[in-house]
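Note sheet for the following structure.
The values are calculated or read from the model by the stated rules, or taken from the named source; none is laboratory data. Just so it is clear, the model here is predicted, and its values are computed rather than measured. Here Cβ is always computed from backbone atoms with ideal geometry, including for glycine, and neighbour counts include all displayed protein chains.
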Amino acid sequence: MVNRETNSDEIKCQQVWREISNYLEDDVDASLRLAMDQHFRTCVRCRSVLEGTRNVVRLYSDERMIEMPAGFSVRMKRRLQQNARAGHSRWSSWYAWMVPLAALLLITGGIRVANSLTVTHPMKTAHGQPAQEIPPDMPVVVTTGAKLFHASGCPFIHNKQTERILTAREAMREGYVPCLRCMRKYLNTTIVGKGAGSGTDNPDLYANQDDDDLDAGGGGQ
Amino acid sequence: MMAEANLALRSPEPSDAAHEQHLIELVQRGHNELFYELVQPYERRVYAAAFAILRNESDAEDVAQEAMLKALANIRQFRAEARFSTWLIQITVNEALMRRRRERTVAMEGLDNRQDDDPEYAPREFADWREIPSEALERKEVRQQLASALASLDPKYREVFVLRDMQQLNIQETAEALGISIASVKTRLLRARLMLRDLLARGWESGWFSRLPFQKGTKPW
């Protein structure tokens, strides 16, 4: 072991050995590097350690130092390709049953959507008439809380501040039934009437409508 | 510096880097069939990383394959902030450490953890030195002697040495890959380099490099 202490700046061999790896990594501060450089110029043993360590790092970093088992690359490639195929196969089988499933869902969903577009709410009154003869696109008036739909201007519209204009089709979907007064001409009064002549104000017709919709006062609110 | 020189040796050419980036993007978009082309330049290093930890060819090959498959499965998580090779090596080290943990008994692991990282290591072999030409690695017996010296190291020194000096991970990457502190990496790296230097110096005395064209009367240490 060499330990020359010719002046106060000189460092000991042990300290050089402790730092020699960091020196090779260029991970020592400038003053230490300078001191080590000076030490290497004068200390044959530490220079031997430095250059021997350099040899170690250089030789082992050479790719020729890594020897793989024979056939390694072939097996690696095969495994990766098998995995890629398996992945594709998994995707294919997944895809194979997902496509019809998706189609089924689309069809089912489509039917539901179609049904939702044509669904008719229960009639708001069991006594209403189906109103098959009313033109479906005819504008009609409905109001909140009421059960009848009316032609615009019908004097029997209640709760006018909540009026909404719908088509007859939309009103019927929402469960409204035609006002027997303003929609009379579209209704088959013979169905409703009990032996009364058509086109007449048969009292039984009005009796089939709920009181809320029958304006006792004969006028709107 | 030495470390920088080694990195320069391993850094891909700009055109290679662009090609690699292009391959990464294609694989990330689902072209799994290109994955082997992407990783083929690194399979030797991946194997070496696994072997350094497991010391068994069969296990190392198996882990190398598993690591590649894991890398493929997680390729979309790869971000260009890290080198692709570093990312691959870190996955491999994790896989190898997990494999080793599974196979080790708790008692053995506890014993290993109790070993300290004594930074004091005094080189034993001193001789006149010179650089060993890399042509030395053309000879199989030289490679075998170097491999044998490496295998004789305690695993904790060998792993750090392999990742830093053979795999070219930097100190921090090595620490992260092994789950140890940067200070421990530096200490273990120093010990590994000095011990290998001593082992190879003894090999020199035994005539490992006797047929190399050194100048008469000089030794590489």
- Message: Could you tell me how many of the residues in segment B:172-191 are at the interface with chain A (Cβ under 9 Å from one of its Cβ atoms) and either at pLDDT below 85 or touching a Leu at 6+ places or on another chain (Cβ under 6 Å) (or both)?
- Response: 0
- Query: Within the group A:Tyr23, A:Tyr95, which residue is modelled with pLDDT under 90 and part of a helix (DSSP H, G or I)?
  - Reply: A:Tyr95
- Message: Need pairs with beta-carbon distance below 6 Å; first residue touching a residue at least 40 places away in the same chain (Cβ under 8 Å) and within segment A:16-34, second surrounded by fewer than 18 Cβ atoms within 10 Å (Cβ to Cβ); sequence gap 6+ or separate chains.
- Response: none
- Going through segment B:136-160 one residue at a time, which ones are in contact (Cβ under 8 Å) with a residue 60 or more places away in the chain and over 18 Å from B:Ala48 (Cβ atoms)? B:Ala136, B:Arg139, B:Glu141
- Query: Restricting to helices (runs of 4 or more DSSP H) lying wholly in segment B:1-111: which have 2 or more residues that are more than 14 Å from chain A (Cβ to nearest Cβ) and at pLDDT 90 or above?
  - Reply: B:14-28, B:84-103
- Item | Answer residue from segment A:146-161, given it is at pLDDT 85 or above and either within 44 Å of the chain's Cα centre (by Cα) or of a type in the set (Gly, Ala, Ser) (or both) and is farthest from A:Leu180 (Cα to Cα) among those | A:Ala146
- In segment A:128-145, is there at least one residue being at pLDDT 65 or above, among the hydroxyl-bearing types (Ser, Thr, Tyr) and assigned by TED's automatic domain parsing to the domain that holds A:Cys179? yes
